[in-house]
1. Would you mind stating whether residue 35 is touching a helix residue (DSSP H, G or I) at 6+ places or on another chain (Cβ under 6 Å), free of Cβ contacts under 8 Å to residues at least 12 places away in the same chain and closer than 29 Å to residue 88 by Cα?
2. Quick one: residue 144 ticks every box in (1) over 44 Å from the mean Cα position of the chain (by Cα); (2) touching a residue at least 24 places away in the same chain (Cβ under 8 Å) except a single one, so which number is it?
3. Determine whether segment 108-121 contains at least one residue that is under 30 Å from residue 43 (Cβ atoms), out of contact with any strand residue (DSSP E or B) (no Cβ under 8 Å at 6 or more places or on another chain), not in a loop (DSSP other than H, G, I, E, B) and not assigned by TED's automatic domain parsing to the domain that holds residue 44.
4. What residue, of 4, 58, is out of contact with any strand residue (DSSP E or B) (no Cβ under 6 Å at 6 or more places or on another chain), exposed (fewer than 15 other Cβ atoms within 10 Å of the Cβ), modelled with pLDDT of 80 or more and over 30 Å from residue 90 (Cα atoms)?
5. Quick one: in segment 51-110, of everything that is under 26 Å from the mean Cα position of the chain (by Cα) and touching a residue at least 40 places away in the same chain (Cβ under 8 Å), which residue is farthest from residue 157 (Cα to Cα)?
6. Being on the phi < 0 side of the Ramachandran plot, in a helix (DSSP H, G or I) and exposed (fewer than 14 other Cβ atoms within 10 Å of the Cβ) narrows it down to one of 151, 105, so name that one.
7. Restricting the search to segment 154-191, which residues are surrounded by fewer than 15 Cβ atoms within 10 Å (Cβ to Cβ) and assigned to a helix (DSSP H, G or I)?
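The values are calculated or read from the model by the stated rules, or taken from the named source; none is laboratory data. What you see is a predicted model, and the numbers here were worked out from it, not measured in a lab. Here Cβ is always computed from backbone atoms with ideal geometry, including for glycine, and neighbour counts include all displayed protein chains.
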């Protein structure tokens, strides 16, 4: 079984014979090696470079013909369709990834808000226990509450303590946390 040899017919000068290769072997090998990393580069390389060119006039406008002189159908159309499909898949993946990241960021914000509300309720319980024992609220949230709250909660995003103010000589307090949507969740108490 003999291997078919293709010849070219130049559209510019009418030359019929063997053509010169338009792609070097190392560039073709490199283009195929990077397919997993950058498929678009491979597709662009094969679309932008011509397989053959005319040795007479150096034209790249040539048609492949077989030994009988019939034009060999190009696989360029198939390559263009495959290229469009690859680009569409990449676009769909990018859009899906951005939607997932957006919903993930929203869920993370809601989780941080839930933790802030839980932290404020935990601190409120500690403050009430402190008041029951000492008769007033502490002036600052510090080690004085360690008996009731072993690890003082802090804002999960800012790594800072929650806003706490004592009023009326230790008889009232206000404890606030800023939520993600710019709202503020506050707890107040009166003795």
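1. Against the criterion (touching a helix residue (DSSP H, G or I) at 6+ places or on another chain (Cβ under 6 Å), free of Cβ contacts under 8 Å to residues at least 12 places away in the same chain and closer than 29 Å to residue 88 by Cα), residue 35 qualifies.
2. Only one criterion is unmet by residue 144, namely (2).
3. First pass over segment 108-121, keeping only residues under 30 Å from residue 43 (Cβ atoms): none.
Scanning segment 108-121 turns up no residue that is under 30 Å from residue 43 (Cβ atoms), out of contact with any strand residue (DSSP E or B) (no Cβ under 8 Å at 6 or more places or on another chain), not in a loop (DSSP other than H, G, I, E, B) and not assigned by TED's automatic domain parsing to the domain that holds residue 44.
4. The unique qualifying residue is 58.
5. So the first thing to find is which residues in segment 51-110 are under 26 Å from the mean Cα position of the chain (by Cα), and the list is 82-110.
Filter once more, so that each one left must be touching a residue at least 40 places away in the same chain (Cβ under 8 Å): 83, 86-87, 90, 109-110.
Working: 83: 44, 86: 40, 87: 38, 90: 34, 109: 9, 110: 12 Å.
So the residue we want is 83.
6. Values: 151 fails: in a helix (DSSP H, G or I).
Answer to the check: 105.
7. Once the filter is applied, which keeps residues that are surrounded by fewer than 15 Cβ atoms within 10 Å (Cβ to Cβ) and assigned to a helix (DSSP H, G or I), segment 154-191 yields 168, 169.
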